[in-house]
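A.B. asks: For reference, the structure I am asking about is given below.
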Amino acid sequence: MLVGKQYSQIAWVVDDLDKAVEQWQKMAGIGPFFVGRHVGAMFGDTKHRGLPAEIDISAAIAQAGPVQIELIQQHDSAPSPYRDVYAAGEGGLHHLCSFVDDVDAECRYFESLGYEVVLTSLIAGQTPVAYVDTRALTGTMTELMGNQGLAAQMFSATAKVAAEWDGVTDPIRDLASLMA
């Protein structure tokens, strides 16, 4: 169960990813941002509310101290945990993410507490991920991400690059560079 786990990421749904990245860099001075365009193809075996799903999203991630910031733009109107919260053209705080050892066990735990698991997927065929609708308690969804595979490696790489960043050089980078 999630007891004692830390939230590693805070995510917002945005209507214009490029504008949001620019605003975050100006406001918070964080970076570099790693931007991935139309990264929904990285997600496999995706089910939203029990039905197969394909979601066209772009995302940007940057480190802000010990917490990663994620900005997500959904390009279509497909059912998703993002559209569960925000209609096209809307945006705001969407989820808190925690790395966990066993995503399935965590999902069962949240379900035992009465929370609905609204999405399950596998990132790059390696990292299980789930969204749980915890808005009644936290005002946000909760993302549970397995602490192994490509997604976990990308989190670590983002933190390392941010710690060494000079605040100027290449403030916007390709998300694929984290996978090298």
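A.B. asks: What is the distance, in nm, between label points placed 7 Å from the Cα along the Cα-to-Cβ direction at M27 and at A64?
C.D. replies: My value for the distance between the label points is 0.8 nm.
A.B. asks: Under the 0.36 nm per residue contour assumption, what length would be gained going from the current alpha-carbon distance of Q148 and L113 to full extension?
C.D. replies: Here the answer is 10.0 nm.
A.B. asks: What shape does segment 54-111 take by its C-alpha gyration tensor, where a ≥ b ≥ c are the square roots of the eigenvalues and a/c under 1.5 counts as rounded, a/b above b/c as prolate, and the rest as oblate?
C.D. replies: oblate
A.B. asks: For A124, list long-range residues whose amide hydrogen, built 1.01 Å from N in the peptide plane, is under 5 Å from its own amide hydrogen.
C.D. replies: For A124, whose amide H was placed from the backbone, the distant partners under 5 Å are F43, G44.
A.B. asks: Now for a separate question. From the phi angles alone, apply the Karplus equation (6.51, -1.76, 1.60; θ = phi - 60°) to segment 77-83 and give each ³J(HN,Hα) in whole Hz, x where the residue is Gly or Pro.
C.D. replies: So the Karplus estimates, Gly and Pro as x, are 9, 4, x, 6, x, 6, 6 Hz.
A.B. asks: In segment 81-180, which GluC sites (Glu not before Pro) are in a loop and have at most 15 other Cβ atoms within 10 Å, using DSSP for the loop call?
C.D. replies: For GluC sites (Glu not before Pro) across segment 81-180 that sit outside H, G, I, E and B with at most 15 neighbouring Cβ atoms in 10 Å, the list reads E90.
A.B. asks: Here's a follow-up. Please compute the modelled spin-label separation between A124 and R37, points set 7 Å along Cα→Cβ, answer in nm with one decimal.
C.D. replies: Rounded to a tenth, the inter-label distance reads 2.0 nm.
A.B. asks: Ok, one more. With an 8 Å Cα cut-off and a minimum separation of 6 or more residues, compute the relative contact order for segment 118-178 in percent.
C.D. replies: Taking the mean separation of contacting Cα pairs over the length of segment 118-178, I get 23 percent.
A.B. asks: If you count only protein heavy atoms with a 1.4 Å probe, what accessible area per residue comes out for segment 34-146, rounded to a whole Å²?
C.D. replies: Per-residue accessible area for segment 34-146 comes out at 42 Å².
A.B. asks: Alpha carbon centre of segment 1-68 versus segment 129-147: separation in Å?
C.D. replies: When both Cα centres are located, 13 Å separates them.
A.B. asks: Between rounded, prolate and oblate, where does segment 1-105 land on the alpha carbon gyration tensor, with a ≥ b ≥ c its root eigenvalues, rounded for a/c under 1.5, else prolate if a/b exceeds b/c?
C.D. replies: oblate
A.B. asks: Turning to a different aspect of this structure: Quick one: with all protein chains in place, what share of the accessible area of segment 77-158 is carbon or sulfur, to the nearest percent (1.4 Å probe)?
C.D. replies: Using a 1.4 Å probe with all protein chains present, segment 77-158 comes out at 51 percent carbon and sulfur.
A.B. asks: Something else now. Among 93-101, 150-158, how do they line up from the highest to the lowest mean number of other beta-carbon atoms within 10 Å?
C.D. replies: Packing proxy ranking, top to bottom: 93-101, 150-158.
A.B. asks: Hey, another quick one. In deg cm²/dmol, rounded to 500, what helix-only [θ] at 222 nm does the chain give when every DSSP H run of at least 4 residues adds -39500 (n - 2.57) and the total is split over its residues?
C.D. replies: -7500 deg cm²/dmol
A.B. asks: Ok, one more. Let me check the size of the chain from its C-alpha atoms; what are the radius of gyration and Dmax in Å?
C.D. replies: 15.4, 47
A.B. asks: Using 0.36 nm times the number of residues separating A136 and M179, minus their current alpha carbon distance, what extension gain do you get?
C.D. replies: Contour length minus the Cα-Cα distance gives 11.9 nm.
A.B. asks: Can you compute 3J(HN,Hα) from phi for each residue in segment 31-46, using the Karplus curve 6.51 cos²θ - 1.76 cosθ + 1.60 with θ = phi - 60°, rounded to whole Hz and x for Gly and Pro?
C.D. replies: x, x, 8, 9, 10, x, 8, 6, 8, x, 5, 6, 9, x, 6, 7
A.B. asks: Enter the angle in degrees (range 0 to 90, nearest 10) between the Cα long axis of helix 17-28 and the first principal axis of the Cα atoms of the chain, meaning the one along which they spread out most.
C.D. replies: Orientation of helix 17-28: about 70 degrees from the principal axis.
A.B. asks: What does the C-alpha gyration tensor say about the overall shape of segment 48-154? Classify as rounded when a/c is under 1.5, otherwise prolate if a/b is larger than b/c, or oblate.
C.D. replies: rounded
A.B. asks: Continuing with the same structure: FRET efficiency for K19 and A78, Cβ-Cβ distance as r, R0 = 22 Å, nearest 0.05?
C.D. replies: That gives a FRET efficiency of 0.45.
A.B. asks: For Y109, Y86, Y131, what's the largest-to-smallest order of accessible area, 1.4 Å probe?
C.D. replies: I get Y109, Y86, Y131, largest accessible area first.
A.B. asks: Still on this model: Once amide H atoms are placed 1.01 Å from N in the peptide plane, what residues at a sequence separation of 5 or more from D76, or on another chain, have their amide H within under 5 Å of its amide H?
C.D. replies: Close amide H contacts, sequence-distant or interchain: D56.
A.B. asks: How many nm is it between the label spots at D104 and E90, if each spot is 7 Å from the Cα in line with the beta carbon?
C.D. replies: It works out to 3.5 nm between the two label points.
The values are calculated or read from the model by the stated rules, or taken from the named source; none is laboratory data. Because the structure is a prediction, the values reported are computed rather than measured. Using ideal geometry, Cβ is built from the backbone for each residue, glycine included, and neighbour counts are taken over all protein chains shown. For accessibility, only protein heavy atoms count, side chains too; no ligands or nucleic acids. Shrake-Rupley method; radii C 1.70, N 1.55, O 1.52, S 1.80 Å.
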